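Throughout, read-outs are computed from the coordinates displayed, never taken from laboratory work. Quantities reported herein were computed from a predicted structural model and do not represent experimental measurements. FYI the Cβ positions are ideal-geometry reconstructions off the backbone, even for glycines, and counts take in every protein chain you see.
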Amino acid sequence: MKVKIVVCSLLLIVGISSAMAGRPQRIDREIQKAVFIPKGQWLVGGTVSYSEHEENNLNFLVLKDVEALGYRFKVSPYVGYFFKNNIAAGARFSYNRTYLDMDNFDLNLGEDFNISLNNLYYLEHKYEVSGFIRTYMPVGRSKIFGLFNEARVTYGYSSGKNSTGSGVEYDGTYQKAHNLQIGIAPGLTAFVTDWASVEVSFGVMGFNIKWQDQTTNQIETGSRQVSSGNFKFDLFSLNIGMSFYL
């Protein structure tokens, strides 16, 4: 008798589970339908990032007597059009300048292995053009705070030079590079007025291919190709900007 009860109970549970599995369950996705930015709006804005460092007789682990000055500056204006609610397509232009002037650099790995360099110089200009699709989603049902994700295809060109030493010991290299990048850039936005917002993005995650050609002392030539993938947040590459909606 007990065996029959157990068998009947199992059959009842299986029947209820099958009936529930056969009927689709409704997931409330009304938040996805909320209009954060309406169709027909123009998007105009830009991001700016800047970092600077200066070392004066710095000693850190195996690095000794470091004397250096450098900075990195990046500006990136963009324009887009909302062809659907919360979805915009557009283009972006970026300029990036990197500079480093290191008067002295000692690498101390023991009594039998010491490296000392002086008059190190590096300067690079980089230009990029991107096409993007940007999607927005409000935080809850807020009309002020939202999340966005920007998918980009980017072509970049850069030129720069680096050198060491001075006088008869001078050694200099001039280089040109091209790169192709496919990636995404997530971020946060907050409206400060009805037509302007402040944005913070976390850099680009995706794939990057770079081709580089070098000429050293106007005689020797060299080349390099690098492929990389990046799928992590870099909190040290935050970009802060303003967007205007017209």
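Quick rundown of the values:
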{"item": "Residue 124 vs. criteria over 25 Å from residue 174 (Cβ atoms) and not aromatic (Phe, Trp, Tyr)", "result": "no"}
{"item": "Of all residues in region 69-89 being surrounded by 15 or more Cβ atoms within 10 Å (Cβ to Cβ) and charged (D, E, K, R), the one that is farthest from residue 105 (Cα to Cα)", "result": "74"}
{"item": "Candidates 179, 239, 230, 162 - the one that is more than 18 Å from residue 136 (Cβ to Cβ), within 14 Å of the chain's Cα centre (by Cα) and surrounded by 14 or more Cβ atoms within 10 Å (Cβ to Cβ)", "result": "230"}
